[in-house]
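Just below is one structure, and these are the notes that go with it.
What follows draws every value from the coordinates through simple rules; no lab data is involved. Being a predicted model, the structure only gives us computed values, none of them experimental. All Cβ positions, glycine included, derive from the backbone under ideal geometry; neighbour counts span all protein chains shown.
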Amino acid sequence: MSAGLRIEPNIAPVAALFGEPSRAAILTVLLDGRALPAGEIARIAGVNPSAASGHLAKLIDGRLLTVHAEGRHRYYRLANEDVAAVIEDLAQLSGGVQAFAQPPLSPAMSALREARSCYDHLAGRLAVAIAIALERRGWLVRGEGKRYEIGNGEARRWLAKQGVNLDALKPGRHGLARQCLDWTERRPHIAGPLGTQLFARWCERGWLRRAEKTSRRIEVTDRGRRGLRAELGISVV
């Protein structure tokens, strides 16, 4: 190999896509995993509609977003969970965590810190408390890198009780479960196929629901409070 040859990851183009403020706002709007039309994305992100169109095109070209058509409408969403993970990681590196530590917090910001969606799984203080409870019981064990391993037969029985069929889950790059570092709590919550399924099953069971006015904010129902207390010893105010 020539001494003058340099092999480096070409991260500059994709970093530029994340770094532009309007595009960062658009990506954050889509962090809850939903597919939205361009006009709604522009309105929520506070971006001029014509400018948003150009930004969306660049994000698609950069493979950070995907788009699908239904009739005359086009709907945009994050390309995959890896994009969501990068957004959360960048929020942590940017010092966003400190903003949560400085009182007073607005009611909306406090609610987001308690429980919110991160792409297709649960995030926030509640999600971290769930991960801690599962680790303490030995049902989740931290593995190599960002992996979570399923701890034992008791863990499998509990997950089956939640409606999660482990045999039907397709492992991701980090296996069945991934440690996703929560950017407000600085501790991991559960992502990956297992995190997705738990979030979906708890919503189906009526434990969790999306707040009506804020797509990312997650509310715990009375049924969810009782279930989380009984099964994991977690008290939700």
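Between VAL141 and SER235, the FRET efficiency from the beta-carbon distance, with R0 = 30 Å, is close to 0.75. Note on Cα Rg over 2.2 N^0.38 Å: of the candidates (1) 1.22; (2) 0.99; (3) 1.09, the value calculated from this structure sits at (3). The value for the range 12-79 of Rg(Cα) / (2.2 N^0.38 Å) is 0.99. Cβ crowding within 10 Å, taken as a proxy for footprinting-reagent exposure, orders ASP32, ASP182, ASP89 from fewest neighbours to most as ASP89, ASP32, ASP182.
With a cut-off of 12 Å between beta carbons, the residues surrounding ALA133 carry a summed charge of +1, where Lys and Arg count +1 and Asp and Glu -1. With a cut-off of 12 Å between beta carbons, the residues surrounding ARG187 carry a summed charge of 0, where Lys and Arg count +1 and Asp and Glu -1.
Using only helices, what value at 222 nm comes out for the chain when you add -39,500 (n - 2.57) per DSSP H run of length 4 or more and divide by the total residues, to the nearest 500 deg cm²/dmol?
When only DSSP H runs of four or more count, the value is -13500 deg cm²/dmol.
On the beta carbon distance between ARG74 and ALA15, with R0 = 25 Å, the FRET formula returns roughly 0.45.
For LEU64, the shell of other residues with beta-carbons less than 13 Å away shows a net charge of 0, using +1 for Lys and Arg and -1 for Asp and Glu.
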